[in-house]
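Values quoted throughout were computed directly from the atomic coordinates according to the rules given, and no laboratory measurement underlies them. This structure is a prediction, so every number in the text was calculated from the model and none was measured. We place every Cβ from the backbone using ideal geometry, glycine too, and count neighbours over all the protein chains shown.
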Amino acid sequence: MSGICAGRVVVVTGAGRGLGRAHALAFAAEGARVVVNDLGVGLDGAPDADSPAAAVVAEIRAAGGEASAHGGDIATSAGAADLIRTAVETYGRLDTLVSNAGFLRDRMLVNLGEDDWDAVVRVHLKGHFLPLKHAAAHWRAEARAGRTPKARVVHTSSGAGLLGSVGQANYSAAKAGIIGLTLVAAAELARYGVQVNAVAPAARTRMTERTFAATMAAPAAGFDAMAPENVSPLVVWLGSAGSAGVTGRVFEAEGGRITVMEGWRPGPTLDKGARWTPAEAGEAARGLLAEAEPPGRVYGV
Ligand SMILES: NC(=O)c1ccc[n+]([C@@H]2O[C@H](COP(=O)([O-])OP(=O)(O)OC[C@H]3O[C@@H](n4cnc5c(N)ncnc54)[C@H](O)[C@@H]3O)[C@@H](O)[C@H]2O)c1
């Protein structure tokens, strides 16, 4: 198949449903050979009899594309290593990693159990780190062998990670952590020909269709802005060789809108040149806050 990813091998985690499925289909439509990973879990991470990766592979093949299924858990080192190895052994190379898998355990902070915290931070944050680490080791070996790749990594954050979201302390912390991971990975891996960016999507999937039913509903006619397929074109471009020079960036993608998110940077500042007293520090902080941009609104407030 021809397209902007012709000849590339792409791994998409959590690609059995929702956004990951849309990304996998879109990469295949642009000529990529795709490893469709999905463990097949319920909305809260509980084991699910369903194995959705094989169905997406069948869809890609039916459309004339090439794909393989992988059913491992990307939040384990063994699962992540096996995923990267599967791509390299099946197709002889790896060009793009899209980390997308995850689930929710929403609770207000005072009710949030330690297990809810651990499960969500594990699947999102560790589930981004481990595939990245194994893919990076592969690309470093390629670069050292004189075959510097045009490798691309696309991470999945969330508005919850960028601005905070009521009832999602575990998820917001994990998704904010993914931004930190993205920035460090972009800086460290540039020397091996690897670019690392993140998207914060919004789309109608099982994760959002009930909680945000009104926002997510499909219109009776016209552009279906919340269809997950609307997020995939940017992800495919970031995962293609054509995105050369773009790294360490965060984009929001929703409907027909793409937004570059501009992150933390120094705002108003004051240097006394000596240690403040607490009272003085408070006065200085209030003065600086009066000059500063107000923060973005936390979702759900
Ligand atoms: N839908 C939105 O509006 C939205 C907004 C912001 C961020 N996101 C993020 O986008 C990503 C995709 O979410 P979605 O809305 O498509 O949800 P989804 O539930 O439809 O898809 C997630 C998939 O990940 C799989 N998965 C979960 N744990 C896994 C593991 N350990 N190993 C492999 N696969 C695993 C699930 O089986 C599921 O098929 C998530 O990271 C989510 O946090 C979604």
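If a residue must be surrounded by fewer than 21 Cβ atoms within 10 Å (Cβ to Cβ) and touching a strand residue (DSSP E or B) at 6+ places or on another chain (Cβ under 8 Å), how many such residues does the stretch 182-198 contain? Lay out the reasoning, then the answer.
As a first pass, look at the stretch 182-198 and keep what is surrounded by fewer than 21 Cβ atoms within 10 Å (Cβ to Cβ): 183-184, 186-188, 190-193.
Adding the requirement that they be touching a strand residue (DSSP E or B) at 6+ places or on another chain (Cβ under 8 Å) leaves 186, 192-193.
Final tally of qualifying residues: 3.
If a residue must be away from the ligand (no atom under 12 Å from the Cβ), touching a Ser or Thr at 6+ places or on another chain (Cβ under 7 Å) and small (Gly, Ala, Ser), how many such residues does the stretch 152-198 contain?
4
Counting only residues that are among the aliphatic types (A, V, I, L, M), within 12 Å of the ligand (Cβ to nearest atom) and surrounded by fewer than 24 Cβ atoms within 10 Å (Cβ to Cβ), how many does the stretch 25-53 have?
The number of residues fulfilling the criteria is 4.
Filter the strands (runs of 3 or more DSSP E) completely within the stretch 186-301 down to those with at least 1 residues that are farther than 30 Å from Trp139 by Cα and small (Gly, Ala, Ser).
Working: elements: 194-202, 250-254, 257-261.
Qualifying strands (runs of 3 or more DSSP E): 194-202.
Can you name every residue in the stretch 54-104 that is of a type in the set (Asp, Glu), buried (at least 18 other Cβ atoms within 10 Å of the Cβ) and not in a loop (DSSP other than H, G, I, E, B)? Let's see the steps before the verdict.
From the stretch 54-104, those of a type in the set (Asp, Glu) are 59, 66, 73, 82, 89, 95; that's our starting set.
Right, trim to buried (at least 18 other Cβ atoms within 10 Å of the Cβ) and you get 73, 82, 95.
Passing the criteria: only Asp82.
If I ask for residues that are among the aliphatic types (A, V, I, L, M) and either touching a Phe, Trp or Tyr at 6+ places or on another chain (Cβ under 6 Å) or crowded, with 20+ Cβ neighbours inside 10 Å (or both), which ones from the stretch 141-162 would you list? Spell out how you get there, then give the answer.
Our first condition is that a residue be among the aliphatic types (A, V, I, L, M); within the stretch 141-162, this holds for 141, 143, 145, 151, 153-154, 160, 162.
Of everything in the stretch 141-162, those that are among the aliphatic types (A, V, I, L, M) and either touching a Phe, Trp or Tyr at 6+ places or on another chain (Cβ under 6 Å) or crowded, with 20+ Cβ neighbours inside 10 Å (or both) turn out to be Ala143, Ala151, Val153, Val154, Ala160, Leu162.
Hey, Gly79 hits all of (1) touching a helix residue (DSSP H, G or I) at 6+ places or on another chain (Cβ under 7 Å); (2) near the ligand (Cβ under 9 Å from one of its atoms); (3) not acidic (Asp, Glu) but one; which does it fall short on?
Here Gly79 clears every test but (1).
Which residue out of Pro201, Pro149 is within 9 Å of the ligand (Cβ to nearest atom), touching a helix residue (DSSP H, G or I) at 6+ places or on another chain (Cβ under 9 Å) and not aliphatic (A, V, I, L, M)?
On the way: Pro149 fails: within 9 Å of the ligand (Cβ to nearest atom).
Exactly one of Pro201, Pro149 is within 9 Å of the ligand (Cβ to nearest atom), touching a helix residue (DSSP H, G or I) at 6+ places or on another chain (Cβ under 9 Å) and not aliphatic (A, V, I, L, M), namely Pro201.
Residues that are free of Cβ contacts under 8 Å to residues at least 60 places away in the same chain, within 16 Å of the ligand (Cβ to nearest atom), surrounded by 17 or more Cβ atoms within 10 Å (Cβ to Cβ) and of a type in the set (A, V, I, L, M): does the stretch 222-233 have at least one?
yes
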